[in-house]
1. Considering Pro144, Pro181, Pro167, Pro113, which residue is under 26 Å from Gly283 (Cβ atoms) and either assigned to a loop (DSSP other than H, G, I, E, B) or among the polar types (S, T, N, Q) (or both)?
2. Looking at (1) surrounded by fewer than 19 Cβ atoms within 10 Å (Cβ to Cβ); (2) within 13 Å of the chain's Cα centre (by Cα); (3) among the aliphatic types (A, V, I, L, M), can you tell me which one Ile110 breaks?
3. Would you point out which residue out of Asp284, Asp258 is closer than 19 Å to Leu141 by Cα, touching a Lys or Arg at 6+ places or on another chain (Cβ under 8 Å), touching a residue at least 60 places away in the same chain (Cβ under 8 Å) and of a type in the set (Asp, Glu)?
4. Considering only residues that are hydroxyl-bearing (Ser, Thr, Tyr) and buried (at least 16 other Cβ atoms within 10 Å of the Cβ), look in region 1-25 and name the one that is farthest from Leu76 (Cα to Cα).
5. I'd like the full set of residues that are assigned to a loop (DSSP other than H, G, I, E, B) and either among the polar types (S, T, N, Q) or free of Cβ contacts under 8 Å to residues at least 12 places away in the same chain (or both), limited to region 1-28.
6. Taking the condition of being in contact with an Asp or Glu (Cβ under 8 Å, 6 or more places away or on another chain), buried (at least 21 other Cβ atoms within 10 Å of the Cβ) and in contact (Cβ under 8 Å) with a residue 60 or more places away in the chain, how many residues in region 121-144 meet it?
7. If you scan region 206-249, which residues turn out to be surrounded by fewer than 21 Cβ atoms within 10 Å (Cβ to Cβ), touching a residue at least 40 places away in the same chain (Cβ under 8 Å) and of a type in the set (Gly, Ala, Ser)?
8. Checking the structure you have, find out if any residue of region 146-167 is under 20 Å from Ser306 (Cα atoms) and surrounded by fewer than 16 Cβ atoms within 10 Å (Cβ to Cβ).
Amino acid sequence: MAPLWEVLAKLVTPEPNTRTHSHIWYWKDTKNRVLDSGSIITAEQAERRVLILENPNMRGESKITDTLYAGLQLILPGEVAPSHRHTQSALRFVMHGNGAYTAVDGEKTIMRPGDFIITPSWTWHDHGNESNEPMIWLDGLDIPMVNHFSASFSEKLNEDTQELKRPEGDSLARYGAGLLPVDHKLFDNLASPVFSYPYDRTKEALDKMKESKEWDKCHGLRLKYVNPSNGGHAIPTMATFMQLIPKSFSGNSFRSTDGTIYTVVEGQGKTTINDQEYLWNKGDIFVVPPWAKIKHETIDESVLFSFSDRPVQELLGLFREKIYKQ
C-alpha cells in the first residue's frame, strides 16, 4: 500500500500535465535523411524502413505525443514492404513521389502527394513501388495508446504481397459517392470502409467551399475525414483533418486537450505555440502538445493536414477546447 496524500497533487492536476514538447521537423532536412536511409537497409530487410519522429522530450520511446507515433517511410523503385497486420491503426499521408501503391485488405491504391490512406486495425497491408522515383509518406499510428492497454498483436503473411480481391477504387466507388450498399451493416467495422482519400478530391472540396468566405476564426476552413457509413472519424482512435487557411490570415488563439501533429501540404506561414514561434513551409511537420495555446498565421494561402487522439477523448468525455478573443 502507499499513501495517496503524498501523490494526490501529481495524480489529479488542475490542468493537463504532458511530457509532449512542441517541435518542428523541417522538410529540407528530413527529406534528405529519409532518402539516405535507402542506402543503409532495404525495405524487405527492415520490414518497414522508417525514421521515427521522436518528441525531443521522450527520446527512445518512439512517441511524438504521449499517445501517438509518427515517422517518415521510404520505399524505393522496385521494392516491396512485405504484408503484415497488427492491432494498431495506421494512417499514411503521401509527402513525396508519385506512383507507389498500398494494398489494404485485398484492394490496391496508387499513392499520390497529399493522399490520405488508412490501414484499419488487423487488416493485411503491404506497399510496393512500381514507379521510377522514391516515395516518402508520413506514418501515424496509435502505438503508444494500444501499448498502454497491453493490446498489441501482430502477424506476418507468408507471402510478400496479399491476394487482391477487388479492383482499384472499389471501396471509394462503393462507399465514397454519397451512397451505401443496401446490405451494408452499419457497425461491421469501426474504421472507414474507404481506405484511400485522394488529395485532388479533398482540395476540390476546399476550393469550392472557400468561395463562401466563411472562415473559422481559428482554423480558416477545416474539414475532418469521415467514415461515410456512420459520419464518425475515419479512424476510431485518430482524428484526421485537412484545412485551408487564406493568405495573410491571423487567427484567434485556441487550445484543446488533444495533442496534434500538423503537416504543411501547401503554402507558408507561422504557428505560435505557447509563445514559441515556428515558421513553416511545404513539407514541414510540427507537433502541438495537449492544452498548448496555439495561433496560426499565413503568408500565402496554405493547406495543413493534421491528426490527433481526439476520437478517444470524445468517447471518454475528456475532450475540451478553449478559444481566445482576438
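The values are calculated or read from the model by the stated rules, or taken from the named source; none is laboratory data. Because the structure is a prediction, the values reported are computed rather than measured. Neighbour counts run over all protein chains shown; Cβ positions are idealised from the backbone, glycine included.
1. Pro113
2. (2)
3. The conditions single out Asp258.
4. Thr18
5. Selection gives Met1, Ala2, Pro3, Val7, Val12, Thr13, Pro14, Asn17, Thr18, Thr20, Ser22.
6. 1
7. Ser229, Gly232, Ser248, listed by residue number.
8. No; the residues of region 146-167 include none that is under 20 Å from Ser306 (Cα atoms) and surrounded by fewer than 16 Cβ atoms within 10 Å (Cβ to Cβ).
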